[in-house]
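Only one structure is covered here, and it is reproduced in the block below.
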Amino acid sequence: MPPRPAASPAAAVAEETFPTTPSVPRRYGFADEAETAGEADAEVASTFAPEPPFRPRRNLARWWTAAAIAFALLVAALIGAVAWFGLPDWLPVARPTFGPSQADLELSFPAERQDRRTLPNGTEYFGASGTVTNVGKEVRDLPPILIVLRDAKDRIVYTWDVNPPRPSLKPGESVTINEAVTDVPRSAKVAEIGWKPD
């Protein structure tokens with residue numbers, strides 16, 4: 001049998017480089033590629049990598065409910081404060097000058113019984129005289145009376161309170177009120193008399 005010729009070096013390289021048996025192809029994931037690319041490429045985040053869990057969504061209905069409750073409590077506190085203390089003086093809201101009329105009580109301060117003059121020493125004097133009558137059939141308490149002086153432009157320039165000499169009136173009774181002040185402004189021209197507001 002003739003000797004078999006020796007294989008050439010090129011054939012030996014071909015046999016080693018390209019095996020004749022089929023091999024299972026290696027699958028590369030993104031993690032494997034990052035490992036082979038080095039540490040610099042390994043820090044690059046993948047768009048397919050799992051993301052951290054989502055933050056829970058805020059419950060907007062709960063927030064709106066809490067805000068509505070807080071607003072309702074604030075409004076209730078403001079209403080209570082106004083009812084207890086009254087409106088503050090700095091609030092630009094029109095307020096009645098006098099209080100409401102009192103049941104069965106009649107004020108009578110005729111203009112001819114009001115005295116406005118300048119005294120010899122230069123002091124401005126104003127005197128008010130009138131009566132309060134109970135025209136009803138029950139005993140009525142007498143609230144304070146308010147006297148208001150206005151200037152020619154109808155602006156309030158002076159006020160003072162008058163406490164009746166008696167706390168109450170029986171049916172048909174009257175009480176006379178005489179008041180005088182000497183520090184009124186010179187601009188005071190008109191006097192108004194009514195019940196003091198609460």
Exercise. Can you confirm whether segment 108-119 contains a residue that is out of contact with any helix residue (DSSP H, G or I) (no Cβ under 8 Å at 6 or more places or on another chain), aliphatic (A, V, I, L, M) and surrounded by fewer than 11 Cβ atoms within 10 Å (Cβ to Cβ)?
Key: yes
Self-check item: Members of segment 158-198 that are of a type in the set (S, T, N, Q) and part of a strand (DSSP E or B)
Solution: Thr159, Ser168, Ser174, Thr176, Asn178
Practice problem: Within segment 138-145, identify whether any single residue is open to solvent by 40 Å² or more (accessible area, probe 1.4 Å), aliphatic (A, V, I, L, M), in a loop (DSSP other than H, G, I, E, B) and touching a Lys or Arg at 6+ places or on another chain (Cβ under 7 Å), and answer yes or no. | Solution: yes
Self-check item: Residue match in segment 93-102 (condition: small (Gly, Ala, Ser), part of a helix (DSSP H, G or I) and at pLDDT 80 or above)
Solution: no
Quiz item: Out of the residues in segment 119-155 that are in contact (Cβ under 8 Å) with a residue 60 or more places away in the chain and not charged (D, E, K, R), which is farthest from Thr182 (Cα to Cα)?
Solution: Gly130
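The values are calculated or read from the model by the stated rules, or taken from the named source; none is laboratory data. The model shown is predicted, which means the values in this text are computed figures rather than measured ones. When we count neighbours, we look across all protein chains shown, and the Cβ atoms used for this are built from the backbone with ideal geometry, even at glycine. These accessible areas exclude ligands, DNA and RNA; they are computed on the full protein's heavy atoms, side chains included. Shrake-Rupley method; radii C 1.70, N 1.55, O 1.52, S 1.80 Å.
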